[in-house]
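See structure below.
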Amino acid sequence: MKGVAVLLCLTALVLAPGAGADGFAQPASQLGLGVLSPSNGTRYLAAPAGQNTTLLAISTKGGQITNETSILGSYGIPQLTFNAPAGEGLSHDGRTLVLGDTQQLAYSHFLIYDARTFRMKNSVVLKGTFSYDALSPDASRLYLIQRPSATDYQHYVVRAYDLQANRLLPGRIADRTQKSWVMQGYAMTRTTSTDGRWVFTLYQNPGGYPFVHALDTVRGVARCIGLPWTSADQSGLQNVVLSLHGPRLAVRWRSGRGWLNVDLATWRVSPAGGGFPWLWLVFGLGVAGALLLLLRKIRRPKGTLLARAA
């Protein structure tokens, strides 16, 4: 058993999450890096077992399997973003784990597990193509990405599923301030607030502006923040990361260089560093002009003054 755990850990380190040629990450992945517990002490991994799945809890310290269970069918850890090193699907408190099916057929299946006991708490079956998007901090609401067809990975809507009432809530989760906004693109990277309430996802948007989708998983509302990007080639977004700093969302490059800041109170976007300091420039030019006038008066020849006096 210990040898199996070591083998699986090595496999997880070698295999990256699968991605299609169009840049869309698989909705759920087996092996890979799985998903880490909030304490980083346990890695949850879905491993293939023929046509079925083995769900594993592996200690990150010694590599031992601390829990496992067999699942009928092919399920995996939700894999949303293209360049994220690990999957998602674990609640903020680390007690609830969501698995998604890997087939994407006429129906979409999700399994809800107790992450500590591996007891299945719920199962969700929806007609159509759905994939995992987020989970509310108390794991009462599951957010899903619904795509119009199994082959159209660009256009989608965000839906909410009530796990307590076991029903898909009507309507879509959209930015009510921008009703004309069309949700499309590929998720590149994301970050989550420390309380697990807000989820910020950067989307590549071929043919349009890239944007950050800000989802409030408690209230079930969202905002879309368009980002200034002048090139038709958006592959450079693979080198962009998101991070939260109090009331500010930083959009920066992996090198650490800043790019943009988003004020989470007003949703306004500004260049990293606050933009060009025009006010200070005007103030500085005014001071410089006054000093030049003063120097000219001081350096004026005395003969000029005498001539004027005469």
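To keep it simple, each residue is scored yes or no on (1) closer than 16 Å to T189 by Cβ; (2) within 17 Å of the chain's Cα centre (by Cα); (3) of a type in the set (S, T, N, Q).
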| residue | (1), (2), (3) |
| --- | --- |
| N205 | yes, yes, yes |
| H213 | yes, yes, no |
| R223 | no, yes, no |
| D233 | no, no, no |
| S243 | yes, yes, yes |
| R248 | no, yes, no |
| R254 | yes, yes, no |
| A265 | no, no, no |
| R268 | no, no, no |
**Prompt:** With (1) of a type in the set (V, I, T); (2) modelled with pLDDT of 95 or more; (3) under 18 Å from the mean Cα position of the chain (by Cα) as the list, and T81 as the residue in question, which single condition is left unmet?
**Reply:** (2)
**Message:** For region 41-59, give me each residue that is in contact (Cβ under 8 Å) with a residue 24 or more places away in the chain and of a type outside the set (S, T, N, Q).
**Reply:** R43, Y44, L45, A46, A47, P48, L55, L56, A57, I58
**Asked** In region 116-141, how many are within 18 Å of T102 (Cα to Cα) and either crowded, with 18+ Cβ neighbours inside 10 Å or assigned by TED's automatic domain parsing to the domain that holds T194 (or both)?
**Response** 7
**Asked** Can you pull out the residues in region 97-130 that are β-branched (V, I, T) and within 19 Å of Y156 (Cβ to Cβ)?
**Response** V98, T102, V124, T129
**Asked** Do we have L260 as under 28 Å from S91 (Cβ atoms) and at pLDDT 95 or above here?
**Response** no
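Can you find a residue in region 234-243 that is farther than 30 Å from Y143 by Cα, at pLDDT below 95 and of a type in the set (S, T, Y)?
The first filter runs over region 234-243 and keeps only residues farther than 30 Å from Y143 by Cα, leaving none.
Within region 234-243, none of the residues are farther than 30 Å from Y143 by Cα, at pLDDT below 95 and of a type in the set (S, T, Y).
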**Request:** Within region 84-103, work out how many residues are part of a loop (DSSP other than H, G, I, E, B) and in contact with a Pro (Cβ under 9 Å, 6 or more places away or on another chain).
**Result:** 11
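Report those strands (runs of 3 or more DSSP E) wholly inside region 104-166 carrying at least 1 residues which are of a type in the set (G, A, S), under 20 Å from the mean Cα position of the chain (by Cα) and under 18 Å from V35 (Cα atoms).
Numbers: elements: 107-114, 120-127, 129-135, 141-147, 157-162.
So the answer is 129-135.
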**Complete:** Among residues of region 263-281 being surrounded by 10 or more Cβ atoms within 10 Å (Cβ to Cβ) and hydrophobic (A, V, I, L, M, F, W, C), the residue modelled with the lowest pLDDT is L281
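The values are calculated or read from the model by the stated rules, or taken from the named source; none is laboratory data. Everything numeric in this text was worked out from a predicted model, so none of it was measured. Positions of Cβ are generated from backbone atoms using ideal geometry, with glycine treated the same way; all protein chains shown enter the neighbour counts.
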